[in-house]
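A.B. asks: Shown below is the structure under consideration.
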Amino acid sequence: MTRTAQVKWPDFEPILKPLHWAVVGAAATRMYMPERATRDFDIAVAVADGQQVRDRLVAAGYQLDGDLQLIRGSRWVDLTGLAIDVIEGVGRCRRFCAYGVAQVHFDRPM
């Protein structure tokens with residue numbers, strides 16, 4: 001299958017390393033289907049890493065735009081105005097989120 005990636009998303013590896021994180025949402029699906037039009041970039045992190053992620057984003061120049069409304073996490077904005085949602089795995093998905101985030105480095109074609 002030919003990849004259809006049109007948008008260059010930010011690379012959080014230098015900011016968040018060695019924390020585990022994963023791209024989720026519309027940006028993550030482009031590996032498996034035609035890219036969807038989206039105006040934000042979503043990442044998932046472990047709940048235990050939430051505060052460290054916030055601290056690192058502030059240090060990297062991202063602005064906190066507030067907490068997410070329906071799920072645990074926060075919305076950030078970069079210097080270009082791109083919105084980044086940081087979703088912290090909680091509740092029934094906590095075990096799945098922890099597993100998925102831990103496995104992300106084994107499946108990084110982008």
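A.B. asks: Return the long-range amide H neighbours of Ile84 (sequence gap of 5 or more, or a different chain), with a cut-off of under 5 Å between placed amide H atoms.
C.D. replies: Distant-sequence amide H within range of Ile84: Phe41, Trp76, Val77, Asp78.
A.B. asks: So what are the ³J(HN,Hα) numbers for segment 39-54, from phi and the Karplus equation (6.51, -1.76, 1.60; θ = phi - 60°), rounded to whole Hz, Gly and Pro as x?
C.D. replies: Listing the rounded values in order: 10, 9, 10, 10, 10, 10, 9, 6, 3, 4, 9, x, 5, 5, 4, 4 Hz.
A.B. asks: Two-decimal Rg/Rh of segment 15-72 from alpha-carbon positions, Kirkwood Rh? Don't jump to the answer; show the numbers that get you there.
C.D. replies: Working: Rg = 12.8 Å, Rh = 13.0 Å.
Taking Rg over the Kirkwood Rh, I get 0.99.
A.B. asks: Once you have the Cα-Cα distance between Glu13 and Ala83, take 0.36 nm times their residue separation minus that, and quote the gain in nm to one decimal. Write down the numbers at each step before the final one.
C.D. replies: On the way: separation 70, 0.36 × 70 = 25.20 nm, distance 1.74 nm.
Stretched fully, the Glu13-Ala83 segment lengthens by 23.5 nm.
Bear in mind that the values in this text are calculations on the coordinates, not laboratory data. On a predicted model such as this, the values are computed, not experimentally measured, just so you know.
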